[in-house]
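Step one of this worksheet: look at the structure below.
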Amino acid sequence: MDELLADFLAETAEGLAELDTALLRLERAPGDTATLALVFRLVHTIKGTCGFLGLPRLERVAHAAENLLGEVRDGTRVADGPLIGAVLAAADRMRAIVDGLARDGTEPAGDDGALVGQIEALRAGAPAPAPTPPTPAPAAAPAPPAPVAVEAPAAPVVVEPQAAAPAADQAVDPQVAGQTIRVAVEVLDHLMTLAGELVLTRNQLLQVARSQAGHDFAVPLQRLSQITSDLQEGVMKTRMQPIGGAWSKLPRLVRDLSQELGKPIELVMQGAATELDRQVLELIRDPLTHMVRNCADHAIEPPDERRAAGKPAVGKIRLTAVHEGGHIIVQIADDGRGLPVERIRAKAAALGFATAAELAAMSEAEIIRFIFRAGFSTAQEVTAVSGRGVGMDVVKTNIERIGGAIDVRSEAGRGTSFTIKIPLTLAIVAALVVQAGGERFAIPQIGVLELVRVGPGSENKVELIHDTKVLRLRDRLLPLADLTDLLQLPPADSEDRFVVVAQVGGALLGLIVDRVFDTEEIVVKPIAPILRHLSVFGGNTILGDGSVIMILDPNGIARAVGLAGAEERPEEAAHAEVLDMERSALLLMRAGGEGLMAVPLRLVARLEQVARGDVERSAGGPVTQYRGRLMKLITLAPRPADPAEWPAHSPVLVFARGRRIAGLVVDEIIDVVQDQLNVQLGAAGPGLLGSAVIDGRATDLLDVGYHLSAAIAGWFDDEHEQASARLLLVGGGRVAGLVPVLAAAGYGVATANDEAGALRLRDGGAMFDAVLVDRPDESDGFIRALRDAGAWRGLPLIALVGRVPAARLGQMRAAGWTDCVPGGDRALLADSLASCLSATVAA
Amino acid sequence: MRMDGSDADTIENSYVTLMLADQLCGLPVSSVRDILGAQPITRIPLAPPDIAGSLNLRGRIVTSIDLRQRLGLPPAGDAQGRMSVVAEHAGEQYALLVDDVDEVLTLPEGAMEPNPPTLPPPWSLFSRGVCRLEKRLLILLDPGRLIHPEAR
């Protein structure tokens, strides 16, 4: 049964029961205005709601009763016996209709003319001279049959142990209300807190028990442990509500906007039953509403414009929600005009968010993320619907506040989609326990992408660019924050340390820690008010051993180290980091002369040293072999044509865009500084943006875009064909390490935890250019499911396999796999992807 | 918790006495929730020096304030080995780290006097008044001020 209807039935059954007692009370004390007001309100509520739901019988009876009660309220009639009797009769009739509705899902057939006639007759015979208003009264205009949502009451949560909809075999049952209980939210929150405390106590007990061998508690403790977990899960469930609750107002909103703006719009909602914690639900309600409003107002074109563009006149907004691990992914997609990239670019320049050169060097995906920046709003005129100054920056802040993340994709003329990832619950999170400077800390696992061991015994090591610590992580330079430095703790005695790679907003940040312990489920407790100013902590918690530890907030740490404002997501980013635009990290160097030159560090993919012997001459200038590819070397100052006359080693800044790379040869890398990028003089010559005082010294700012596009034709053109290839990576945590690799290679990467999740994506209408599956099941069930039917039938499907006998590889190809690649061999994977994807284009 | 007149009077004038660098101090019993022996205290990096850390009070996380630091007294060495008085203010509990906790005293009416004008800060900031006991003076501390010194 429709969930709205189920809620209505439960509420109405409760309301009718209350109405009976109130009417009887009113009969005994006709002058009791409080009771009269209650009676009137109960009837009015029923009438109002069934008007919404299109229940004409119920509405007619309620309306008649309300008119009668209205006269009592207005003082033109007293609540005498016949009047109470008539209203009670109306209540009984309403109950009968509600029961029928609960049984069949529709109003039972029947005629209420006699009852309504009686009530009207009672009114006509009124002692007061009040004329009978014509029926139906204007207030009861025919209800629109549209599927309009009723707003659920905000404060109480309806706990539904079973669906409120009765099964078909239930007889006429006046007990609709008995199946759900309204519980005050505070009670549930308190239960949740208690369950959390119980979990902690249980953990403590288990820890004590483990240290004492051979005691008698083992069995009861085991039982206690199990019950505690079940209890916690049960209490969590009581707080779970379908996300549809946050969507309930949207159909109405879209319908109203559609009429107001003269654009036909269809709202499609999928996954409304996906459940999440009510606290989270409340927090995302407003952002979602805002975004749907934006879609209708800005994104969807007027019908004639749509027709001219060859699109159906009716615009479509699609809202989907799916579970994925401990998260919910909510997507809001429209088929409108897409985000106006050029206008955003111009606005970003006008607002000084980035210099023209930086903007020129950014991909469209990077540009459109400016909409998340504070103070950004592109609506050219303020419309009645949106553009009231609350922009996407507020949406982003609200979502990040609850540990979520938001991203946007847009295609001109095809539409825009926002993807929001939010945790299921805020109360209990999985966290990684680490140690730095002798203290333990918890890091919420939601943002942790991988752990890298660094130090003498590892192939990875922390490098210094002057005093700035960075880590070469595959194809990127990862900015690092050393927790012992940041938190002013004593330095570690061991050089063997770990880097926790965390996602912060859209950027990556490595946290250097001394040790990594296990992951634990922790109950997040807010930090004491007198410590709220410590933004590097997101809360505190009690571990299983009873000790208190602080929970680190990677967002706060990023702000503390100046990485805030990073809008980039690693999926599409060609560069590892974006530093705060107002205080950019600049790489200072010397190239061809004594003067200093600067390049924003975020544009540089890697720093390399190229030996003289590795430079080769080609017709287009010097080149070198870099990671199996030929990389063009750009020299700023004239260098001898024969590389043999070059210095023994030359520092090279490697730039990457999509799959293209180029190296800029410099004489010396001097430092990395954090400074305001404040260009003071005009361009001193081609290839320079101008001069600025950086770190107290006059410095030329290099126009990287100029040099790259001069050296390599089409440097900025290639992103569409290259970067737009979207991959689905199936295999959850096992393949998490591949995501940044593929993203660095210019692919858009989405992930699914398992094959079932992938199929859900397919059935939800998601589309990719290729699907990669880590260690697919031996039975070939998944590949058959994909190849036999559905939109993904013709996609390249690549299996990432472990050590597999050759015969099995043959079987797999026969089953439909396009290619089978050993999971660890990234070069082979890159080749396979390139050939599979180009084959698709050719086909 | 409601009490009738006589008990309320007693509570009103009852103080938990404690030692801070050889000075006898008192905290009103009405604001004290617990007395703790030596506790493991987790340090909080970057916190002000008068925040000793946080501790686990029966599943509740309580921030520990080192009263020696707050009153500008010389440090007493290891914070871990000292006693704490848990006080509640504005719904939040805080553990006030002290050298020693003595007893609960009911002070006679009229024994209390306002701060002598010469009492130096920060004592003057945190003291509600002074009480003349037979042998020595007792400084009556204001728990609200100790927890939120900036609030006036």
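Values quoted throughout were computed directly from the atomic coordinates according to the rules given, and no laboratory measurement underlies them. Note that the structure is a prediction, hence the values are computed from the model and not measured. Cβ placement follows ideal geometry from the backbone for every residue including glycine, while neighbour counts extend to all protein chains displayed.
Before moving on, here are some points about what is shown:
- Under 20 Å from the Cα of A:LYS469 - lysines, other chains or at least 8 residues apart: A:LYS461
- The stretch A:13-46-the stretch A:76-101 distance, computed between alpha-carbon centres (Å): 11
- Electrostatic tally near A:LYS461: other residues with Cβ closer than 12 Å to its Cβ, Lys and Arg +1, Asp and Glu -1, net 0.
- The DSSP beta bridges internal to the stretch B:52-110 are antiparallel in roughly 75% of cases.
- FRET efficiency for the A:GLN226 to A:GLN270 pair, using the beta carbon distance and R₀ = 30 Å, is estimated at 0.25.
- Dipole magnitude of the stretch B:5-147 about its Cα centre (Cβ charges: Lys, Arg +1; Asp, Glu -1), debye to nearest 20: 440
- The stretch A:234-346: antiparallel DSSP beta bridges as a percent of all, rounded to 5: 65
- Under the criterion of Cα pairs below 8 Å and six or more residues apart, the relative contact order for the stretch A:242-423 equals 23 percent.
- Around the Cα centre of the stretch A:184-238, unit charges on the Cβ atoms of Lys, Arg, Asp and Glu (plus for the first two, minus for the last two) sum to a dipole of about 240 debye.
- With R₀ set to 56 Å, the beta-carbon distance separating A:GLU260 from A:GLU521 gives a calculated FRET efficiency near 0.75.
- Rounded to 5, the percent of DSSP beta bridges in the stretch B:5-147 classed as antiparallel: 85
- Cut-off 16 Å, label 7 Å out along Cα→Cβ of A:GLU668, residues of the stretch A:457-481 by amide N: A:466
- Options A:HIS327, A:THR289, A:ILE367, ranked by Cα towards positive dipole end of the stretch A:242-423, top entry (Cβ charges): A:THR289
- Efficiency of FRET between A:ASP763 and A:VAL314 - r from beta-carbon atoms, R0 22 angstrom, step 0.05: 0.45
- Label-point gap, in nm, between A:ARG414 and B:ARG136 - each point 7 angstrom along Cα→Cβ: 8.1
- Among the listed pairs A:LYS347/A:LYS632; A:LYS396/A:LYS525; A:LYS249/A:LYS316; A:LYS311/A:LYS396, those beyond 26 Å (Cα-Cα): A:LYS347/A:LYS632; A:LYS311/A:LYS396
- Shape of the stretch A:242-423 from the C-alpha gyration tensor: oblate (a/c of 1.5 or more and a/b not above b/c, with a ≥ b ≥ c the square roots of its eigenvalues).
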